[in-house]
């Protein structure tokens, strides 16, 4: 899971680029990118992506 002030897609991109899920390779994973609004102190949006299926 990654929190960003930028759009949730940017958070998912960072998860993929930095390989946060690599040590769990072979398991079913869900990546969650969350966009936050710091002015309203609330969630602004989110995206969920399933990793490649476990083999």
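Laboratory data are not the source of any read-out in this text; all were calculated from the coordinates shown. The structure displayed is predicted, hence computed values, not measured ones. For neighbour counting, all protein chains shown are included, and Cβ atoms are generated from backbone atoms with ideal geometry for every residue, glycine included.
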With both bridge residues required to lie in region 2-50, what share of the DSSP beta bridges run antiparallel, to the nearest 5%?
75
By the mean-Cβ-within-10 Å protection proxy, highest first, 40-52, 1-13 rank as 1-13, 40-52
Debye sum, Cα scatterers, region 2-50, no solvent: what log₁₀ I/I(0) at q = 0.21, 0.23, 0.24, 0.29 1/Å?
-0.67, -0.76, -0.80, -1.01
Need one number: nm distance between label points at residue 6 and residue 51, each 7 Å from Cα along Cα→Cβ, rounded to one decimal.
2.2
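Can you tell me, using C-alpha contacts under 8 Å and at least 6 residues apart, the relative contact order of region 2-50 as a whole percent?
Details: 78 pairs, mean separation 20.6, N = 49.
This gives 42 percent for region 2-50.
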